[in-house]
Amino acid sequence: MEIMRLVVTGTVGAGKSTFIRSISEIKVVDTDTRATDETALLKPRTTVAFDFGRLQFGPDMVLHLHGTPGQSRFDFMWDMLIRKAHAYILLVGAHRPREFRQAHKIVNFMEERVHIPMVIGLTHTDCPGAWSVEDVYIAIGYLNKFHRPPMIKVDPTQRESVAEAMITLIQHLILNYAA
């Protein structure tokens, strides 16, 4: 059986755990605990190691979903998870521009370690103050329209939206990375 590993990463509160819960066919294994730092201002619980979900694509193909913590103090987990990944999706809350710099740091961290397909999932696009796709591209450092990953609006609470984001990632993989 072939196992594909997808890392779901991004800023605090962008929807990583929810994304995995929406698509996993098993009960998600998580390491959520009570938030005790500035994260508590955004949400009561936070991931401190990783989330794990699974999706079977047939008798010979399974997708393992690994969600990272959003805080940079847990970047050792980012490192461990990304090194064996086949692709990743970066989730960014469109309504929190103060976190776009952190999203840029996450991309740089990942790109220093691996060269694998990635897409950007823009969440919370329906919230007041949400930035447009083009503005988020620029804010996280993708200035050249011809050299940037796909960005898709995604609602992590909706299985269909999460599936669409995963299809976008697979299409990107096939078009740009298949030999």
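Here are a few things to note about the model shown:
- Qualifying residue in the stretch 111-130 (condition: surrounded by 18 or more Cβ atoms within 10 Å (Cβ to Cβ), assigned to a helix (DSSP H, G or I) and not aromatic (Phe, Trp, Tyr)): no
- Residue list for the stretch 151-177, restricted to those being of a type in the set (A, V, I, L, M), surrounded by fewer than 20 Cβ atoms within 10 Å (Cβ to Cβ) and either part of a helix (DSSP H, G or I) or touching a residue at least 40 places away in the same chain (Cβ under 8 Å) (or both): ALA163, ILE167, ILE170, LEU173, ILE174, LEU175
- Matching entry among HIS86, HIS104, HIS95 (being farther than 15 Å from THR11 by Cβ, of a type outside the set (A, V, I, L, M, F, W, C) and out of contact with any Asp or Glu (no Cβ under 7 Å at 6 or more places or on another chain)): HIS86
- Filter pass, ILE106 being within 14 Å of the chain's Cα centre (by Cα), part of a helix (DSSP H, G or I) and at pLDDT 90 or above: yes
- All of THR18, THR36, THR31 fail the test of being crowded, with 16+ Cβ neighbours inside 10 Å and at pLDDT below 85, apart from THR31.
- ALA87 at pLDDT 75 or above, buried (at least 18 other Cβ atoms within 10 Å of the Cβ), touching a Phe, Trp or Tyr at 6+ places or on another chain (Cβ under 6 Å) and of a type in the set (A, V, I, L, M): no
- Any hit, the stretch 133-148, residues being touching a residue at least 40 places away in the same chain (Cβ under 8 Å) and either among the hydroxyl-bearing types (Ser, Thr, Tyr) or not in a helix (DSSP H, G or I) (or both): yes
- Within the stretch 83-132, the residues that satisfy the criterion of being closer than 17 Å to PRO156 by Cβ, of a type outside the set (D, E, K, R) and free of Cβ contacts under 8 Å to residues at least 40 places away in the same chain are HIS95, ILE120, LEU122, THR125, CYS127, ALA130.
The values are calculated or read from the model by the stated rules, or taken from the named source; none is laboratory data. Given the structure is predicted, the values throughout are model-derived calculations rather than measurements. Virtual Cβ from ideal backbone geometry, glycine too; neighbours counted across all protein chains shown.
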